[in-house]
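Novice: Before we start, here is the structure in question, set down as structure tokens.
The values are calculated or read from the model by the stated rules, or taken from the named source; none is laboratory data. What you see is a predicted model, and the numbers here were worked out from it, not measured in a lab. When we count neighbours, we look across all protein chains shown, and the Cβ atoms used for this are built from the backbone with ideal geometry, even at glycine. Ligands, DNA and RNA are excluded from the accessible area calculation, which covers all protein heavy atoms including side chains. Shrake-Rupley method; radii C 1.70, N 1.55, O 1.52, S 1.80 Å.
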Amino acid sequence: MHDDRTLVEARLKRVLEERIRPAVYPESVPLTVSVWTAPGEPVPVVEGLAAPRSPIAVGDAWGAPWSTSWLTVSGTVPEAWAGRTVEALIDLGFDANMPGFQCEGLVYRPDGSPVKGLNPQNQWVRIAAPAAGGEPVLLHVEAAANPVILDYHPFLLTELGDRETAGDEPQYRLARMDLAVFDETVWQLVLDLEVLGELMAELPADGARRWELLRAVERALDAIDLQDVNGTAAAARSCLVEVLAAPAAPSAHRIGAIGHAHIDSAWLWPLRETVRKVARTAANMTALLEDEPDFLYTMSQAQQFAWIKEHRPEVYARVKKAVADGRFVPAGGMWVESDTNMPSSEAMARQFVHGKRFFLSEFGVENEEAWLPDTFGFTGGLPQIIRNAGSKWLLTQKISWSQINKFPHHTFLWEGIDGTRIFTHFPPVDTYNCSMKGSEIAHAARNFKDKGVARHSLAPTGWGDGGGGTTREMVGKAARLRDLEGSAAVRWQRPAEFFAEAEAEYPKPPVWVGELYLELHRATLTSQARTKQGNRRSENLLREAELWCATAALRTGLAYPYERLDRIWKTVLLHQFHDILPGSSIAWVHREAEATYAGLAAELEELIGAAQRALAGDPAGGRELVFNGAPHGRSAVPAGGAAVAVAGPGDCAVTAREDGGFVLDNGLLRVVVDGDGLVVSAVDAASGREAVAPGGRANLLQLHPDFPNMWDAWDVDQFYRNTVTDLVAADEVAVLTEGPAEVAVRVARSFGSSTVTQTLTLRAGSGRLDIDTEVDWHEAEKFLKLAFPLDVHTERYAAETQFGHQFRPTHTNTSWDAAKFEACNHRFVHLAEPGWGVALVTPSTYGHDVTRAVRAEDGGTTTTVRFSLLRAPRFPDPRTDQGQHRFRHSLVPGAEIGDAVREGYAVGLPERRVTGSAEAVRPLVELDQDALVVSAVKLADDGSGDLVVRVYESGGGRARGRLATSFALAAAVPCDLLERPWDGTRGEVVADGDGVRLALRPFELVTLRLTPAR
Ligand SMILES: [Zn+2]
């Protein structure tokens, strides 16, 4: 037989496009439309419904950027349509090339109850089925003119990303406002032909099934009268019954589909718009669940549920009912789908605490899966946190975005730094917006790397970010793919059911040890520095507020601010969303985030101040007390306590050098600053060893051009390193402080349109050189690094992460090593040879790189650590990071890992001085072993008055110690992160009088609930 495939395939494409799809709506009449545009920000629904309207017509422009227009559409169903299915078709001016990321609407009935959302791929509203004929139609649409920021000509400079710069040019034109007859038979025929046509294209040309489908499709096309598609659609469908009924092969891949809309909690729109995006999508999805009995939908991010509850209670009532019916499934158990690289140990834990608690209290549902499809990499600290939250599975899709290496598994055990293993699935469909296309389903089956030992994968299905979620067309296609010869078998499945089934079929999955590094979006560790600093400052202040408020509550009876801390935590957690903390949102989001962080800081300072004043007593007492919120004692002040300030002997000295530089010495550390303000020597007195590599100059600022191939705020591409300018020339190098308590040198530089002032400080009794850098940054598409070339020979270095540290190579042996050319640390990077090491410590810089070189002069190894200070991408925020910045970085020669941990906490948690009458404040709890670190002291969230203390082993070894309480202890119980009694602790926790003996494994964390004797 002649091969006529291309002919039939082209015929199918044209007939479907030009004749069959248009026949879904064979008749229509125009609706009357009127409009009111809210003058500023969105208004409450009642106000929008009541506002006076003026006329508007199809073809008219509407919608200044970020404005909201309330449309009223009205009409009458023609008498002749009695008995037919009638829908309204509302096209706000959508660009169907993009399923979301543009204007959107939510349809209301006249009484204000929501009907469903309007999205580019979802423009219909069911009016009547069957229609009586003659019934009046009256609907209102809250239409949001969200401008397109990221188009299919992506990453172009735009001022649309902030209401303050976006202008008032209308963004859209009303395209269609009709009442129409909906012909369900034609609609079903479209889906039949799409499913079979798309499957056919994936099948081998030498297989019989492909030809069977081709001939069946041809017969269906022959059966259609192109002048009467509606009259002949049923006959065409009957030609396809047999091929649609042929069952899937027993070995077919099994796809658990779950309705889904990945809604970024802020990104190319502000937070307030996400509140509405979520409501529109949830309205859509609850409506679809009512129409489609097999369909299941999942939604993650407790914050998004909380928004619907607060702002659209009618939608929330529908969500609650669908959750109770088991069809709208809360997923993930986190407050938001956060970044996981940068949040602190406690913040990462609280993402789960607040997320899971919300789902438990609202729905009685406890998630056992973490759901992070889009997050930019996963730290080695995360598995233990997931497990301690009472969860056991992880879903992510993002690793498929890695630039260089293809991840070897789709279902695997992921092992964290402490040895915890989490059963992890990484959908082979390679998208979290599956639309049930034949190409996607076939790709999932082909791509699945665990074939032969496992058969199940998961497909999150639906349009996110303003696409409205799953469409009825996707549901219709999934029904046809349930058991279809030649295809993977698809059925709707809840995430927990998928995981249980996948785990059961795969008892010995492969293991991946250590972080899941994303080989992309590496610049998200640096972009929008002020947002990152706001996050870190808030995390530190929350630690202090909980500690001092708990101490004051137990000691003085001061009321513990449960509600305020709860609200502040949730705000901080929201801003750790994977486009806010990473710095990849529009200017509006980051402008608001900075203001929000400033407000939180003021509130937390107030809480800390009130608690410390209560503990210090009457200021008339005149004693200056030093409060130490860090987990290690310092200056004779115990960790978590306060003591009267004692001025230590000052022994710092500074001497001038002939080259215009200076020598700073405090007996512990001797630092030489040259005439350019660069550190040419740093000798640790205890060992006599030099930290700076011979010929190297530390504290060197380096400037690179930085114009990635795409994703400006997200990406730095490896070639940025090919060009570098060392910022050596100094405008000034001068002594600022001459001792004896501290010595400091000031260095001023200017470059491009920017200036830098640095202060290098050595304090009495401290082996740490602090470098405070103030930058007035006015560059575009540049990357600023601060370099420390060190005389250390090592193949790997440690970088702090949640509840411990992870190692990375200093070399580029393999493509996996080379790809990690920019990575994350929390508060320190540590490099060591056996017996001697150096720590670089920072309170708020996350991005860094480490490279090695062998010196020609002496054959020694120089390992260079560079912190990433600032970038200046111009998309999506054209003025990213412009203006004033302050950073601190510290060099600690002779540091062991424990010193790195201690100094890391110390730089972020400065001592506080309060005048009062007390002689001291004894800590509530004290540990006698430095490797055991307290990460939180707080009152239990249940209001019982119990104290909750979280401790972890910080050195990567085993540690034994005793936690002593300074109050009579009635009970001590190990808990999970949600403060529920838990027997999952692997180390030893033994009550011992007014204390607890602990023996923890490497990096193990334990949460203790301590009940004071009353
Ligand atoms: Zn996302």
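Novice: One residue is enough: does segment 608-627 have a residue meeting the conditions β-branched (Val, Ile, Thr) and out of contact with any Leu (no Cβ under 9 Å at 6 or more places or on another chain)? Let's see the steps before the verdict.
Specialist: Start the filter on segment 608-627 by keeping residues that are β-branched (Val, Ile, Thr), which leaves 608, 626.
Checking the rest, the ones that are also out of contact with any Leu (no Cβ under 9 Å at 6 or more places or on another chain) come to 626.
Taking every residue of segment 608-627 in turn, at least one turns out to be β-branched (Val, Ile, Thr) and out of contact with any Leu (no Cβ under 9 Å at 6 or more places or on another chain).
Novice: May I pose another question? For GLY333, only one of the following conditions fails: (1) away from the ligand (no atom under 16 Å from the Cβ); (2) in a helix (DSSP H, G or I); (3) open to solvent by less than 10 Å² (accessible area, probe 1.4 Å). What is its number?
Specialist: Only one criterion is unmet by GLY333, namely (2).
Novice: Checking ARG491 against (1) assigned to a helix (DSSP H, G or I); (2) within 30 Å of GLY100 (Cα to Cα); (3) open to solvent by 10 Å² or more (accessible area, probe 1.4 Å): exactly one of these is not met. Which one?
Specialist: (1)
Novice: Any residue at all in segment 780-789 that is farther than 29 Å from PHE662 by Cβ, open to solvent by 30 Å² or more (accessible area, probe 1.4 Å) and over 27 Å from the mean Cα position of the chain (by Cα)?
Specialist: no
Novice: I would also like to ask the following. Mind telling me which of the residues GLY93, GLY105 ends up being in a loop (DSSP other than H, G, I, E, B) and closer than 15 Å to ALA144 by Cα? Please lay out each step first, then the result.
Specialist: Numbers: GLY105 fails: in a loop (DSSP other than H, G, I, E, B).
Result of the check over GLY93, GLY105: GLY93.
Novice: Something else now. So which of ARG613, ARG567, ARG623 is open to solvent by 10 Å² or more (accessible area, probe 1.4 Å), of a type outside the set (Ser, Thr, Tyr) and touching an Asp or Glu at 6+ places or on another chain (Cβ under 8 Å)?
Specialist: ARG623
Novice: Which one of ARG350, ARG327, ARG318, ARG357 is open to solvent by 30 Å² or more (accessible area, probe 1.4 Å), more than 16 Å from the ligand (Cβ to nearest atom), over 20 Å from MET285 (Cβ atoms) and charged (D, E, K, R)? Don't jump to the end; show me each part of the working.
Specialist: Values: ARG350 fails: open to solvent by 30 Å² or more (accessible area, probe 1.4 Å); ARG327 fails: over 20 Å from MET285 (Cβ atoms); ARG318 fails: over 20 Å from MET285 (Cβ atoms).
Unique residue meeting the criteria: ARG357.
Novice: Pick from ALA595, ALA601: which is open to solvent by less than 40 Å² (accessible area, probe 1.4 Å) and small (Gly, Ala, Ser)? Give the derivation first.
Specialist: Details: ALA595 fails: open to solvent by less than 40 Å² (accessible area, probe 1.4 Å).
Result of the check over ALA595, ALA601: ALA601.
Novice: Just one of (1) in contact (Cβ under 8 Å) with a residue 12 or more places away in the chain; (2) under 19 Å from ALA940 (Cβ atoms); (3) surrounded by fewer than 20 Cβ atoms within 10 Å (Cβ to Cβ); (4) of a type outside the set (A, V, I, L, M) trips up GLY995, so point out which.
Specialist: Single failed check for GLY995: (3).
Novice: Further question: Within segment 738-756, work out how many residues are open to solvent by 40 Å² or more (accessible area, probe 1.4 Å), of a type outside the set (Gly, Ala, Ser) and under 27 Å from GLY883 (Cβ atoms).
Specialist: From segment 738-756, those open to solvent by 40 Å² or more (accessible area, probe 1.4 Å) are 738, 740-742, 746, 750, 752-753, 755; that's our starting set.
Now restrict to residues that are of a type outside the set (Gly, Ala, Ser): 738, 740, 742, 746, 755.
Now drop any that are not under 27 Å from GLY883 (Cβ atoms), which leaves 746, 755.
Result for segment 738-756: 2.
Novice: Only one residue in ALA205, ALA235 is touching a residue at least 60 places away in the same chain (Cβ under 8 Å), of a type outside the set (D, E, K, R) and surrounded by fewer than 17 Cβ atoms within 10 Å (Cβ to Cβ), so which one is that? I'd like the intermediate steps shown before the answer.
Specialist: Numbers: ALA235 fails: touching a residue at least 60 places away in the same chain (Cβ under 8 Å).
From the options ALA205, ALA235, the qualifying one is ALA205.
Novice: What number of residues in segment 975-992 are open to solvent by less than 30 Å² (accessible area, probe 1.4 Å) and at pLDDT 95 or above?
Specialist: 5
Novice: While we're on this one: Just to check your reading of the model, which residue among ALA496, ALA488 is among the small types (Gly, Ala, Ser), more than 16 Å from the ligand (Cβ to nearest atom) and under 22 Å from SER251 (Cβ atoms)?
Specialist: That would be ALA488, the only listed residue that is among the small types (Gly, Ala, Ser), more than 16 Å from the ligand (Cβ to nearest atom) and under 22 Å from SER251 (Cβ atoms).
Novice: I would also like to ask the following. Kindly indicate whether any position in segment 255-271 is within 16 Å of the ligand (Cβ to nearest atom), more than 24 Å from PRO427 (Cα to Cα) and part of a helix (DSSP H, G or I).
Specialist: Within segment 255-271, one or more residues are within 16 Å of the ligand (Cβ to nearest atom), more than 24 Å from PRO427 (Cα to Cα) and part of a helix (DSSP H, G or I).
Novice: To continue, here is another question. For the list (1) crowded, with 24+ Cβ neighbours inside 10 Å; (2) of a type in the set (A, V, I, L, M, F, W, C); (3) within 16 Å of the ligand (Cβ to nearest atom), I need the number of the one condition that ALA545 fails.
Specialist: With (1) crowded, with 24+ Cβ neighbours inside 10 Å; (2) of a type in the set (A, V, I, L, M, F, W, C); (3) within 16 Å of the ligand (Cβ to nearest atom) applied to ALA545, the lone miss is (3).
Novice: Still on this structure, I have one more. Restricting to segment 444-475, and then to whatever is closer than 23 Å to LEU271 by Cβ and part of a loop (DSSP other than H, G, I, E, B), can you tell me which residue is farthest from the ligand (Cβ to nearest atom)?
Specialist: Once the filter is applied, the top-ranked residue is GLY468.
Novice: Taking the options GLU169, GLU242, GLU198, name whichever one is open to solvent by 20 Å² or more (accessible area, probe 1.4 Å) and free of Cβ contacts under 8 Å to residues at least 40 places away in the same chain.
Specialist: Details: GLU169 fails: free of Cβ contacts under 8 Å to residues at least 40 places away in the same chain; GLU198 fails: free of Cβ contacts under 8 Å to residues at least 40 places away in the same chain.
After ruling out the rest, the residue left standing is GLU242.
Novice: What number of residues within segment 64-90 satisfy the criterion of being assigned to a loop (DSSP other than H, G, I, E, B) and open to solvent by 10 Å² or more (accessible area, probe 1.4 Å)? Break it down stepwise before answering.
Specialist: Within segment 64-90, the subset assigned to a loop (DSSP other than H, G, I, E, B) is 64-67, 77-78, 82-84.
Restricting the remaining residues to those that are open to solvent by 10 Å² or more (accessible area, probe 1.4 Å) gives 64, 78, 82-84.
Adding up the residues that qualify gives 5.
Novice: I would also like to ask the following. Determine which single condition LYS398 fails, assuming it passes every other condition in (1) within 16 Å of the ligand (Cβ to nearest atom); (2) of a type outside the set (Val, Ile, Thr); (3) crowded, with 23+ Cβ neighbours inside 10 Å.
Specialist: (3)
Novice: From GLY667, GLY696, GLY660, grab the single residue that is under 17 Å from PRO789 (Cβ atoms) and assigned to a loop (DSSP other than H, G, I, E, B). Before you say what the answer is, go through the steps one by one.
Specialist: On the way: GLY667 fails: under 17 Å from PRO789 (Cβ atoms); GLY660 fails: under 17 Å from PRO789 (Cβ atoms).
Every option except GLY696 fails the conditions.
Novice: Are any residues in segment 918-943 part of a loop (DSSP other than H, G, I, E, B) and open to solvent by 50 Å² or more (accessible area, probe 1.4 Å), and if so, which ones? Give the steps one after another, and end with the answer.
Specialist: Going residue by residue through segment 918-943, those that are part of a loop (DSSP other than H, G, I, E, B) are 918-919, 922-924, 928-931, 940-943.
Correct list: GLU919, ARG922, ASP928, GLN929, ASP930, ASP941, ASP942.
Novice: Can you name the number of the only condition in (1) within 16 Å of the ligand (Cβ to nearest atom); (2) at pLDDT below 95 that ASN367 fails?
Specialist: The number of the failed condition is (1).
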